[in-house]
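Here the structure comes first, spelled out in structure tokens, and everything after it is commentary.
The values are calculated or read from the model by the stated rules, or taken from the named source; none is laboratory data. The model shown is predicted, which means the values in this text are computed figures rather than measured ones. Every residue, glycine among them, receives a Cβ derived from its backbone with ideal geometry; neighbour counts consider all protein chains shown. The area values use the complete protein model at the heavy-atom level, side chains included, leaving out ligands, DNA and RNA. Shrake-Rupley method; radii C 1.70, N 1.55, O 1.52, S 1.80 Å.
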Amino acid sequence: MLNNDSNRQTWNTHYLRDKSKLYIPDENIVRFIQHYFRRFPEVTNPVILEIGSGSGRNIAYLRSVTPNVFGMDFAQNSLIGQPGVVCALSDENPFQDQSLDIVIAWGVLHYLTNEQVDKTLNEVRRILKPSGIFFGTIRSDKDTHLSEVLKTGDLKNGSARLYSDMEVMSLFKNFKNTRLGFISRRQPGEKTIVAHHIFEAAI
């Protein structure tokens, strides 16, 4: 069962480890931003929020393309040394209505309870501009890696939920033009698979 308090404690511990300090942005976010500017050339400085911004690896890249970048994470220790990042739950968003062009949730939603996911998606719809885009990933039920990490790895004592294709699509029933993709990888020498649904949804 998902436990928010346990997850917060687990992630706070995680962000005290040196291995949590990541500096290279996810390549899929780089591709998305490049594609976004081709689709919306009239938007020169989009306002972007990353939910679950962690150690800030994507924030640093996003700020290289637009000055209007904010982050939020529920783990206080992830915010150390990161200006413009707030400590908040994703379903308790401090941003104004229709104030953002892009919201990113990269590997976040599957750590939330069903109620938190619903509230988070409602908050995303509230804060996005009419032409805004929600972009991110959610862990697939084809994943075999996360369960091991939650048992004995860096995220021991944490919890998460894995989503089927149909379950992911049902999450975005109140969005329009939802597009799904899939990311899967297995590192050399490892037996487990990391698998994510990747989504892009408009309001």
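A few comments on the model shown:
- Residue among ARG125, ARG139 that alone is among the charged types (D, E, K, R), open to solvent by 10 Å² or more (accessible area, probe 1.4 Å) and part of a strand (DSSP E or B): ARG139
- Subset of segment 91-110 that is within 22 Å of ALA195 (Cβ to Cβ) and open to solvent by less than 30 Å² (accessible area, probe 1.4 Å) - its residue that is nearest to the chain's Cα centre (by Cα): ALA105
- Total residues in segment 1-40, condition part of a loop (DSSP other than H, G, I, E, B) and either at pLDDT below 75 or open to solvent by 70 Å² or more (accessible area, probe 1.4 Å) (or both): 10
Okay, residues lined up against (1) modelled with pLDDT under 90; (2) small (Gly, Ala, Ser); (3) more than 15 Å from the chain's Cα centre (by Cα); (4) surrounded by 14 or more Cβ atoms within 10 Å (Cβ to Cβ):
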| position | (1), (2), (3), (4) |
| --- | --- |
| LYS156 | yes, no, yes, no |
| MET169 | no, no, yes, yes |
| PHE175 | no, no, yes, yes |
| HIS196 | no, no, no, yes |
| ILE203 | yes, no, yes, yes |
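- When residues in segment 44-65 are screened for being β-branched (Val, Ile, Thr) and open to solvent by 10 Å² or more (accessible area, probe 1.4 Å), 3 of them pass.
- From the list PHE182, PHE134, the one residue that fits, being open to solvent by 70 Å² or more (accessible area, probe 1.4 Å) and either among the aromatic types (Phe, Trp, Tyr) or under 17 Å from LEU89 (Cβ atoms) (or both), is PHE182.
- Residues that are hydrophobic (A, V, I, L, M, F, W, C), within 16 Å of the chain's Cα centre (by Cα) and under 15 Å from ASN77 (Cα atoms) within segment 12-50 comprise just one, LEU22.
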